[in-house]
Structures are given as structure tokens and as C-alpha cells.
1. For the structure I just gave you, tell me whether Val70 is closer than 24 Å to Leu15 by Cβ and outside any loop (DSSP other than H, G, I, E, B).
2. In the set Gly9, Gly83, Gly57, Gly16, which member is closer than 19 Å to Val156 by Cβ, touching a residue at least 40 places away in the same chain (Cβ under 8 Å) and of a type outside the set (D, E, K, R)?
3. I'm trying to understand the selection: among the residues of the stretch 7-24, which are in a strand (DSSP E or B) and either under 16 Å from Glu109 (Cβ atoms) or over 15 Å from the mean Cα position of the chain (by Cα) (or both)?
4. Could you list, in sequence order, all residues of the stretch 90-112 that are part of a helix (DSSP H, G or I), touching a residue at least 60 places away in the same chain (Cβ under 8 Å) and more than 10 Å from the chain's Cα centre (by Cα)?
5. What is the residue count in the stretch 1-52 for residues that are farther than 16 Å from Pro103 by Cα, in contact with a Lys or Arg (Cβ under 9 Å, 6 or more places away or on another chain) and surrounded by fewer than 20 Cβ atoms within 10 Å (Cβ to Cβ)?
6. What residue, among those in the stretch 119-158 that are assigned to a strand (DSSP E or B) and in contact with an Asp or Glu (Cβ under 9 Å, 6 or more places away or on another chain), is surrounded by the most Cβ atoms within 10 Å (Cβ to Cβ)?
7. Take the conditions surrounded by fewer than 18 Cβ atoms within 10 Å (Cβ to Cβ) and either at pLDDT 95 or above or not aliphatic (A, V, I, L, M) (or both) and apply them to Asp116. Does it pass?
8. Residues to consider are Ser58, Ser44, Ser76; find the one that is among the small types (Gly, Ala, Ser), in contact with a helix residue (DSSP H, G or I) (Cβ under 6 Å, 6 or more places away or on another chain) and farther than 30 Å from Lys118 by Cα.
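The values are calculated or read from the model by the stated rules, or taken from the named source; none is laboratory data. Everything quoted here is computed from the prediction, not taken from an experiment. Cβ: placed from backbone, ideal geometry, glycine included. Neighbour counts: every protein chain shown.
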Amino acid sequence: MNCIEICAGAGGQALGLEMAGFKHIALIEYEKEYCEVLKTNRPSWNVICEDVHEFDGSLYHDIDLLAGGVPCPPFSVASKQLGKEDERDLFPEAIRLIDEMRPRAVMLENVKGFLDTKFDEYRNHITQSIEKLGYEVTIMLLNACDYGVPQLRPRVVIVGIRKDIKCK
């Protein structure tokens, strides 16, 4: 299976996807320091150091997975929780890329604050937008410690499976 990851950061999620058997077609990251970390740790990975707003997903039509940890500050209690009003909110770009790529599956993650009631309307907008593109969407709150990671790290995970994909 192959994947493209947006907002790849220093590669934590990418390493997990690699361990799960995914081959990275591309990792898109804006921060130059993170790009260097990715390139140093995995020279074989195709690291594209550019703004997600500029990334053309149509060149990667019909991949297996589009993954990404879109920026958390718009929804984090440690920040101002501006949600969609925060210029760092990249959910609209993720939805644009889902539309351009039509991946078989989507996995986006964010902070627990994304589930706050103040974001109900926006969260529904995001899930409905993905559903309108032809995906069955589920949102889950997972904690890294439940999966053998020695830290309390609750994360919201949005998973979308394209409706024409037959699950066994």
C-alpha cells in the first residue's frame, strides 16, 4: 500500500505508517528544519518541502492513503482555539487534496480539543465535506498509551474509507 502524508512534521506518523507496511510516495512539510530531519532519517523518502496550499494533489490520483496531522493550535486549549478562523487551520486544504487525489482511505489527526462542543458545527462541516466526496467517515479519540506508547497522548483521528472500496 502507498500513501502521501501532509504536515509530516519530523516523521512520527510516517514511521508508524511505514511500520504498518505503507510506502510513502511523498511527504509534504512546510518547515525546513523538519524537512531536513525527514531527509536525514529516511533519505529514500520523497520529502517535498512546500506549503500544503501550493501542493497539487491531482498528480497523485487514486493513492491508497492520504494521511496528515494538520496543525493543532487552531483547536488546542494551549492556544486560542480559533478553529476555522485561525490561519493555520489546514482542514480545508486536506479536503481539497482528498477531492484531487481520491485516495482509497483518509486518516487525519488532531488534538482532543477538536472534539470540544465549540467546534461541533465546524467538525460536522469537515466530516460532511469528506462524506460528500464519497467516503464513510468515523471520528475516534485514541490515546497512545493504549497502544504501547509510554505517554498520555490523546489524539482525535478522522478516518474515511471510500465507499466503493470493499472491506473484507
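1. No, not satisfied.
2. Details: Gly83 fails: touching a residue at least 40 places away in the same chain (Cβ under 8 Å); Gly57 fails: closer than 19 Å to Val156 by Cβ; Gly16 fails: touching a residue at least 40 places away in the same chain (Cβ under 8 Å).
One residue alone meets the criteria, Gly9.
3. Going through the stretch 7-24, the residues in a strand (DSSP E or B) turn out to be 23-24.
Scanning the stretch 7-24 gives a single hit, Lys23.
4. Glu93, Leu97, Ile98, Met101 - these are the residues of the stretch 90-112 that are part of a helix (DSSP H, G or I), touching a residue at least 60 places away in the same chain (Cβ under 8 Å) and more than 10 Å from the chain's Cα centre (by Cα).
5. 4
6. Of the stretch 119-158, the ones assigned to a strand (DSSP E or B) are 135-143, 154-158.
From what is left, the residues that are in contact with an Asp or Glu (Cβ under 9 Å, 6 or more places away or on another chain) are 137, 142, 155-158.
Details: Val137: 16, Leu142: 14, Arg155: 17, Val156: 19, Val157: 14, Ile158: 22.
Among residues in the stretch 119-158 that are assigned to a strand (DSSP E or B) and in contact with an Asp or Glu (Cβ under 9 Å, 6 or more places away or on another chain), the one surrounded by the most Cβ atoms within 10 Å (Cβ to Cβ) is Ile158.
7. Details: surrounded by fewer than 18 Cβ atoms within 10 Å (Cβ to Cβ): yes; either at pLDDT 95 or above or not aliphatic (A, V, I, L, M) (or both): yes.
Yes: the conditions hold for Asp116.
8. On the way: Ser44 fails: in contact with a helix residue (DSSP H, G or I) (Cβ under 6 Å, 6 or more places away or on another chain); Ser76 fails: farther than 30 Å from Lys118 by Cα.
Just a single option satisfies the conditions, and that option is Ser58.
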